[in-house]
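The values are calculated or read from the model by the stated rules, or taken from the named source; none is laboratory data. Remember, it's a predicted structure, so these values are computed and weren't measured experimentally. Because the Cβ atoms are built from the backbone with ideal geometry, glycine has one as well, and the counts that use them run over all protein chains shown. Surface areas here come from the heavy atoms of the whole protein model, side chains and all, with no ligands, DNA or RNA. Shrake-Rupley method; radii C 1.70, N 1.55, O 1.52, S 1.80 Å.
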Amino acid sequence: MSTTHGPVRVFIASSLDGFIAGPDDDLSWLPPGGGEDHGYDEFMAATGAVLMGRTSYDVVVGFDGAWPYGDTPVFVATSRPLDPVVPTVRAVTGDPDRILAAVHELTTGGIYVDGGVLIRQFMEAGLIDELTVTIVPVILGAGTPLFAGLPQRRRLELTRCRSHPSGLVSLTYRPAVTSRSE
């Protein structure tokens, strides 16, 4: 059986000062869903699986309403026991290469990586093909940083910039091809 693996991508919102969640995983600063299109539906249509960190999963499980990922397989990177809320959720463990191999073994299509720690680990391992960060015009001052703690500089190339009437700006990047001296 032949499988096709799509790109490993990130789609995340960030405050202007670089936080993806406020203190205590507070997401109340995010604009309400269901209004303006920020490209998420198009992004999810090209996604074969979601790979998220355990903290992100625990936050999503606490959301009101229906499971936000429908029938899309969701893999949770965790070393702790996991009691899935829906049958499409399963735990994976290991370093980023091992986790990605496990997800590729069970799915086809693009992989959506979500969660600050996991995104940083995948960036450090050079496994992110595309990164869309939607900047929300708010300054939080504290919280969960998106990229703080990466051990080395990562250059990116802007492939798309889209401003939205609400004041949000979506920036899409791919890793830059750099020389060994950088």
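Here are some notes:
- Val59 being touching an Asp or Glu at 6+ places or on another chain (Cβ under 6 Å) and modelled with pLDDT under 95: yes
- Only listed residue being among the hydroxyl-bearing types (Ser, Thr, Tyr) and at pLDDT 95 or above, chosen from Thr107, Thr132: Thr132
- Screening Ala77, Ala66, Ala49, Ala101 for residues that are modelled with pLDDT of 90 or more and surrounded by fewer than 18 Cβ atoms within 10 Å (Cβ to Cβ) leaves exactly one candidate, Ala101.
- Members of segment 52-63 found to be open to solvent by 40 Å² or more (accessible area, probe 1.4 Å) and either assigned to a loop (DSSP other than H, G, I, E, B) or of a type in the set (Val, Ile, Thr) (or both), listed by number: Thr55, Val61, Gly62, Phe63
- Phe43 being open to solvent by less than 60 Å² (accessible area, probe 1.4 Å), outside any strand (DSSP E or B) and either in contact (Cβ under 8 Å) with a residue 60 or more places away in the chain or touching a Gly at 6+ places or on another chain (Cβ under 8 Å) (or both): yes
Yes/no matrix, rows are residues, columns are (1) of a type outside the set (Asp, Glu); (2) over 18 Å from the mean Cα position of the chain (by Cα); (3) at pLDDT below 95:
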residue	(1), (2), (3)
Glu124	no, no, yes
Val136	yes, no, no
Thr144	yes, no, yes
Ala148	yes, no, yes
Leu171	yes, no, no
Glu182	no, yes, yes
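- Filtered residues of segment 154-174 (kept if open to solvent by less than 60 Å² (accessible area, probe 1.4 Å) and touching a Leu at 6+ places or on another chain (Cβ under 6 Å)): Tyr173
- Of the residues examined, Thr132 is one that is of a type in the set (S, T, N, Q), under 27 Å from Pro165 (Cα atoms) and crowded, with 20+ Cβ neighbours inside 10 Å.
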